[in-house]
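Shown next, in structure tokens, is the structure this report addresses.
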Amino acid sequence: MNETIETILSHRSIRKFKNQRLDVETVETLVQCAQAASTSSYQQVCTIIGVEDREKKEKLAELAGNQSYVADNGYFFVFCMDYNRHQIAAEMKAIDIQETIQSTEAFIVGTVDAALAAQNLSIAAESLGLGIVYIGGLRNSLQEVSELLGCPDHVLPLFGVAVGYPDAEPGKKPRLPMEAVFHKNQYQSKEETQDLLHQYEKETAEYYTERTGGKRTEGWVTQITASMATPKRTFMKDFVQSKGLNKL
């Protein structure tokens, strides 16, 4: 096993960082690593907004659900799907690309591009001894986040990544059994999935019981089904379409 694989397999979310900013060279190196990620058809649909202003970070922390580590970290990156750049390029060539930008395929491409870039940045950060945590909570108040960051039409903030020097050592959460996510030749049967989920429910219940001293005892199946019982962010479709995305 090499150092890259060890870094990937050691991942855990860090939610407490030391009061130490990342230097400019480190920030730019991480962004270069993000840009080196694969991108569909060379489209490069991701834009990264580095939030350095303290007041904006505190406001983003509030909008994300009062998550303090959005403000208190070494650096905060917001990953956006960005077709504004493509629209400007099209205007330079007097070509209409609106139907393409508004398509569901383009929405998928942009989401995947941003996720790949973010994961590159995250692995690079962890390889330097830094910690990271993804912040999907930005989508709780997406219009306010978009306005705060000055995002024009065709630009959609998807999530944030807080990076910094870890000031905590959280336990590593057990993942689903490999057999539950890696199917050979065809999708596995419902019975096979149920057996694996029973196994995982027990394992994760034991993990939470030990980690919290018995304050939490639910397993993954119990936790996830409860959290998904009520739809979240139901405004998302309308807001995304108001940005000129995912309309076709």
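FYI, it's all coordinate maths here, none of it is from the lab. Source: prediction; values computed, not measured. Positions of Cβ are backbone-derived with ideal geometry, glycine not excepted, and every protein chain shown enters the neighbour counts.
One table, with the values for the structure above:
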read-out: Global form of the range 98-194, assessed from the alpha-carbon gyration tensor, a/c cut-off 1.5; value: oblate
read-out: Potential lengthening between ILE95 and GLU25 on full extension [0.36 nm per residue; Cα-Cα distance subtracted]; value: 21.4 nm
read-out: Where trypsin sites (Lys or Arg not before Pro) fall in DSSP loop in the range 184-216, at most 16 other Cβ within 10 Å; value: LYS184, LYS215, ARG216
read-out: Length gained when the stretch SER242-ASN66 is fully extended (0.36 nm per residue, less Cα-Cα span); value: 60.7 nm
read-out: Axial C-alpha extent at least 18 Å, average Kyte-Doolittle at least 0.0 - helices from the chain (DSSP); value: 104-127
read-out: For q = 0.18 Å⁻¹, Debye-computed log10 I/I(0) when each Cα of the range 33-136 counts as one equal scatterer; value: -0.93
read-out: Global form of the range 178-227, assessed from the alpha-carbon gyration tensor, a/c cut-off 1.5; value: prolate
read-out: Residue order, fewest to most surrounding Cβ atoms within 10 angstrom, among THR4, THR230, THR204; value: THR230, THR4, THR204
read-out: Paramagnetic label zone (point 7 Å from Cα along Cα-to-C-beta, ASN140; backbone N under 14 Å) in the range 54-68; value: 58-68
read-out: Zone residues, the range 1-17, relative to SER127, backbone N less than 17 Å from point 7 Å out along Cα-to-Cβ; value: 1-12
read-out: Calculated FRET efficiency for the pair THR230/LEU176, C-beta based, R₀ 22 Å, to 0.05; value: 0.45
read-out: With at most 15 other Cβ atoms within 10 Å, longest stretch of the chain clear of loop GluC sites (Glu not before Pro) (DSSP); value: 53-217
read-out: Coil-residue trypsin sites (Lys or Arg not before Pro) of the range 2-90, DSSP, other Cβ within 10 Å capped at 16; value: ARG12, LYS16, LYS18, ARG21
